[in-house]
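See structure below.
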Amino acid sequence: MKSAIAGCGSIAQVHSQVLTNWVNTRLTGAVDIDVPKVKAFADTWHTRAYSSLEDMLRQEKPDVLHICTPHVLHVPMAEYALTRGIHVFMEKPPAISPEQFRQLKEVVQSTDARLGFCYQNRFNPSVREAKRLLSSQKTGRILGARGIVTWHRDALYYTESTWRGRLSTEGGGALINQSIHTLDLLQYLLGKPLSVEASMTNHHLKNVIEVEDTLEAYIQFEGSETVNASFYATTAYCADVPPLIEIVCEHMTLRIEDLELTLFYPDGRREKPILEHDKALGKSYWGTGHRDCITTFYRALQEGKPFELELPTMEDSIWLMLGTYASARENRVVELGLT
């Protein structure tokens with residue numbers, strides 16, 4: 001197989017590590033409008049540099065395109081590749097608006113090319129073990145949950161970028177960029193979201209960014225009895241603290257903090273399962289799942305089998321993210337079953 005990468009920032013370095021070391025493919029091209037950046041990237045990974053996606057796809061004819069570009073380009077680039085029969089592996093977010101997501105769905109339904117999403121934290125061993133326990137019913141009924149992300153992003157993080165901090169290009173802030181994986185994991189572990197009520201604000205970078213630095217949400221999930229979850233994300237904290245997901249159940253409470261899972265029992269006991277994991281290929285808070293996520297996608301392509309992070313399985317998570325923004329912007333409860 002042949003692969004190509006669009007966007008040559010830090011996350012593309014992680015994709016390249018996996019493609020060159022653990023996947024049976026050749027990285028034949030990379031594209032970025034920043035010519036010095038793409039040339040340096042191509043030199044590092046021994047591939048060819050392009051400044052035009054169209055030129056790269058026409059000349060290299062890759063089997064798979066990895067999209068690691070600014071958010072606003074994800075859907076148009078995916079559409080361009082998919083309609084030409086090229087499989088796509090896309091970094092988050094899948095879309096920055098309901099209109100973009102509906103456009104993406106139409107494209108996927110009209111082609112045999114495959115689209116996979118990089119929600120790599122679903123492959124973290126702590127998350128896998130929590131999912132196994134919840135599915136085994138050892139935990140008893142889920143009573144409630146919370147997800148918390150407290151990180152730090154200063155003005156320079158935005159001003160040194162041409163696209164961050166702008167609604168038209170980033171689509172949002174603390175939710176869609178920094179805490180989308182935590183929101184996704186709540187949905188993955190709790191099931192189908194029914195409604196969301198949210199609010200957001202910008203506390204510490206007024207007159208610097210257009211997007212939120214803080215967002216909170218109250219989410220209802222489907223169950224034998226409705227399950228309520230609280231979600232809080234901010235980039236106005238003084239440090240990057242491991243995100244926390246806590247699920248309170250009848251027989252135990254599960255707490256996930258990055259790669260660690262702790263089980264709390266009603267009698268006061270606590271247990272921390274020993275979980276093996278790969279070394280992180282990038283920033284620690286990206287988790288260790290990139291290798292498994294990407295290699296699983298390629299294995300699914302080669303064997304003609306479903307990939308667990310394709311559009312049908314990710315739709316609830318995507319609508320939850322988009323619905324959370326709609327609720328915060330329109331000051332209303334969003335019923336997700338109606339989207």
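Where in the chain lies the longest segment free of chymotrypsin sites (Phe, Trp or Tyr not before Pro) that are both loop residues by DSSP (not H, G, I, E, B) and have at most 16 other Cβ atoms within 10 Å? It would help to have the intermediate numbers written out before the result.
Details: sites that count: 22, 163, 237.
Counting only loop sites that pass the neighbour cut-off, the longest clear stretch is 23-162.
What number, rounded to the nearest 500 deg cm²/dmol, is the helix-based mean residue ellipticity at 222 nm of the chain, given -39500 (n - 2.57) per DSSP H run of at least four residues and division by all its residues?
-10500 deg cm²/dmol
If you bin the C-alpha pair distances of the chain every 10 Å from 0, what whole percents do you get?
5, 25, 34, 26, 9, 1, 0
Kirkwood Rh and Cα-based Rg: tell me the resulting Rg over Rh for segment 288-329, rounded to two decimals.
Rg/Rh: 1.17.
List the trypsin sites (Lys or Arg not before Pro) within segment 84-141 that fall in a DSSP loop (any state other than H, G, I, E or B) and whose Cβ has at most 15 other Cβ atoms within 10 Å.
Filter output for segment 84-141: 84, 138, 141.
Could you state the principal axis extents of the C-alpha atoms in segment 1-65, from the largest down, to the nearest angstrom?
Taking the Cα atoms of segment 1-65, the three principal extents are 28, 24, 16 Å.
Considering the alpha-carbon set of segment 45-113 alone, what are its Rg and its Dmax in angstrom?
So, for segment 45-113, Rg and Dmax equal 12.1, 38 Å respectively.
At 10 °C and a viscosity of 1.306 mPa s, what translational diffusion coefficient does Stokes-Einstein give for segment 201-244, taking Rh as the Kirkwood radius over Cα pairs? Give it in µm²/s as a whole number.
It diffuses with D of about 126 µm²/s by this estimate.
In square nanometres, what is the average projected area of the Cα convex hull of segment 227-279?
5.5
What FRET efficiency, computed as 1/(1 + (r/R0)^6) with R0 = 41 Å and r the Cβ-Cβ distance, is obtained for residue 332 and residue 46, rounded to the nearest 0.05?
0.20
Bear in mind these aren't lab numbers, they're just calculated from the coordinates by the rules spelled out. Please read all numbers here as calculations on a predicted model, not as lab measurements. A quick note on method: Cβ atoms are made from the backbone with ideal geometry, for glycine too, and the neighbour counts reach across all protein chains shown.
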